[in-house]
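Derivation of every value follows stated rules applied to the coordinates shown; laboratory data play no part. Everything numeric in this text was worked out from a predicted model, so none of it was measured. Neighbour counts are summed over all protein chains in view; Cβ atoms, including those assigned to glycine, are modelled from backbone coordinates with ideal geometry.
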Amino acid sequence: MRAFACPACGRLAPFESQSCPSCSTLLGLHLPSRTLVAIPDDEVVVDGVRWHRCVNWSWQCNWLVAEDSGSGQCAAGRLIRRRPESDDTIALEKLADASASLRQLLFQLLDLGLPVDSYRQRDGGLAFDLLSSRTSGQQVTIGHANGVITIDLAESLDAHREALRVRLREPYRTMLGHLRHEVGHYYENILVENGPLIDDCRVLFGDERASYSDAIARHYKFGAPEDWQQSFISEYATMHPWEDFAECFAHYLHITDTLATAAESGVMVRADLAAWAMRDDVAPRTSYHDADLDDILEDWQILSGVFNRVNRSMGKGDLYPFTIPQPVHEKLRFVHRVVTTAARTDG
């Protein structure tokens, strides 16, 4: 989770802060500058534009909305196409939790320079249907179709999500993880398929034109191949080339966001102080846009090991309970290429 300096006192102000933990100054996130700004009188003028609190402030949203935006909702809120009914207070509480993860996702996508075109802007643009199978009485299937990402708000319930994680033998299952995975489908669709990168994608991930329905049936009947760890990041990634790409895309976001968080917190591993032999210091970066994928994974190998041991010191499981074999290394290299190419094009 990213963090900032309070503009009033300079102390730590977490990404989701509505006020400074140290001096109590009211704060709002100004997305164009990627900073928290002080908001006296519930509004602030930045670069000649007047900004107000998002209408979802009472649901813990701290993002600001430009006065001329035509909406009281922030950029993340405007991406939500469908949500629970206004009288479904239980689901709306879970919507607030899911929306916090959505804001974290959107901030990272924009930070990476990826295009974020809303469904309001064009057909096939990005949209989120955040619905609850627990309170709506209807089945809600997590997935992506033509820009629309559907999420079951029941995944915000710890007991529900953990039960599914155990039943499906997943080492990791979170709301943010779902969002990162599904947005991977979206970006494969708009940045890879029908473009110059598709042939290289098929070499690494397989032919996405293979029957998806057959792949689902086969996966849930027979499971993953016994040797899946040699070529895939997860069992789910073995199901179909689409899922392999989406899983790798999600892991790219996991890795780069965690490294950026460590970097802006001043975390580094010094070779002269480490208890084991290291050739060089490891200092993560807030951006790896101009770096090679090898640099990212070299930093990640050391930092994730440290974070895993910290978690174990608290009696918890590994922060990053995954192994990256060489074939996945190359798949992540392709994802890095997709992201950096899109950022250069969009910029």
**OP:** Give the distance, in whole Å, between the Cα centre of region 226-242 and the Cα centre of region 138-212.
**Re:** 14 Å
Original post:
Regarding region 219-345, what whole-number volume in Å³ per residue does the convex hull of its Cα atoms give?
Top reply: 129 Å³
Original post:
What residues have an amide H closer than 5 Å to that of Arg81, excluding those fewer than 5 places away on the same chain, when H is modeled at 1.01 Å from N in the peptide plane?
Top reply: Phe128, Asp129, Leu130
Original post:
Of Asn311, Asn146, Asn62, which is the most mobile in a GNM of the chain whose springs link Cα atoms less than 10 angstrom apart?
Top reply: Asn311
**OP:** Treat each spin label as a single point 7 Å out from the Cα along the C-beta direction, and report the Ser58 to His289 distance in nm.
**Re:** 3.9 nm
**OP:** Could you list which residues have their amide H under 5 Å from that of Phe4, counting only those 5 or more apart in sequence or on another chain, with H placed in the peptide plane?
**Re:** Ala13, Phe15
**OP:** Report the extension gain between Glu298 and Trp276 in nm, rounded to one decimal, defined as 0.36 nm multiplied by the number of residues separating them, less their alpha carbon distance.
**Re:** 6.3 nm
**OP:** Compute from the Cα atoms of region 3-73 the Rg and the Dmax, the latter being the longest Cα-Cα distance, and quote both in angstrom.
**Re:** 11.2, 34
Subject >> Pairwise label distance in nanometres, Asp41 with Glu93, each label 7 Å out on the Cα-Cβ vector >> reply: 3.7 nm
Subject >> Bins of 10 Å from zero: percent of alpha-carbon pairs in region 80-171 >> reply: 15, 43, 33, 9
Original post:
Projected onto the charge dipole of the chain (+1 at Lys/Arg Cβ, -1 at Asp/Glu Cβ, origin at the Cα centre), which of Gln104, Trp57, Phe307 gives the Cα projection farthest towards the positive end?
Top reply: Trp57
Original post:
Long-range amide H contacts for Thr35: which residues qualify at under 5 Å (H placed 1.01 Å from N, peptide plane, sequence gap of 5 or more or a different chain)?
Top reply: His30
**OP:** Per residue of region 232-247, in order, report the coupling 6.51 cos²θ - 1.76 cosθ + 1.60 (Karplus, θ = phi - 60°) as ³J(HN,Hα) in whole Hz, putting x for Gly and Pro.
**Re:** 10, 7, 7, 4, 4, 5, 6, 5, 7, x, 4, 6, 5, 5, 4, 5
Original post:
With the contact rule set at Cα under 8 Å and sequence spacing of 6 or more, what percent relative contact order holds for region 82-210?
Top reply: 22 percent
Original post:
Label-point separation (nm) for Leu157 and Asn308, each offset 7 Å from Cα along Cα-to-Cβ?
Top reply: 3.3 nm
Subject >> Alpha-carbon centroid distance for the pair region 1-56 / region 296-315, whole angstrom >> reply: 31 Å
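Just the number, please: percent antiparallel of the DSSP beta bridges in the chain, rounded to the nearest 5.
Details: 19 of 28 bridges.
DSSP beta bridges in the chain are roughly 70 percent antiparallel.
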**OP:** Work out, step by step, the length gained on full extension between Arg173 and Val267: first 0.36 nm times the residue separation, then minus their alpha carbon distance; give nm to one decimal.
**Re:** 31.3 nm
Original post:
Taking only C-alpha pairs under 8 Å that are 6+ residues apart, what is the relative contact order of the chain in percent?
Top reply: 12 percent
Subject >> the chain: calculated mean residue ellipticity at 222 nm from DSSP helix runs of at least 4, using -39500 (n - 2.57) >> reply: -12500 deg cm²/dmol
Original post:
Between Asp117 and Ser19, 0.36 nm times their residue separation minus their Cα-Cα distance comes to what?
Top reply: 32.3 nm
Subject >> Theoretical FRET efficiency, 1/(1+(r/R0)^6), r = Cβ-Cβ of Met1 and Tyr220, R0 45 Å, to 0.05 >> reply: 0.85
Subject >> For region 130-142, 3J(HN,Hα) per residue [Karplus equation, 6.51 cos²θ - 1.76 cosθ + 1.60, θ = phi - 60°, Hz, x = Gly/Pro] >> reply: 10, 10, 10, 6, 6, 10, 7, x, 10, 6, 10, 9, 5
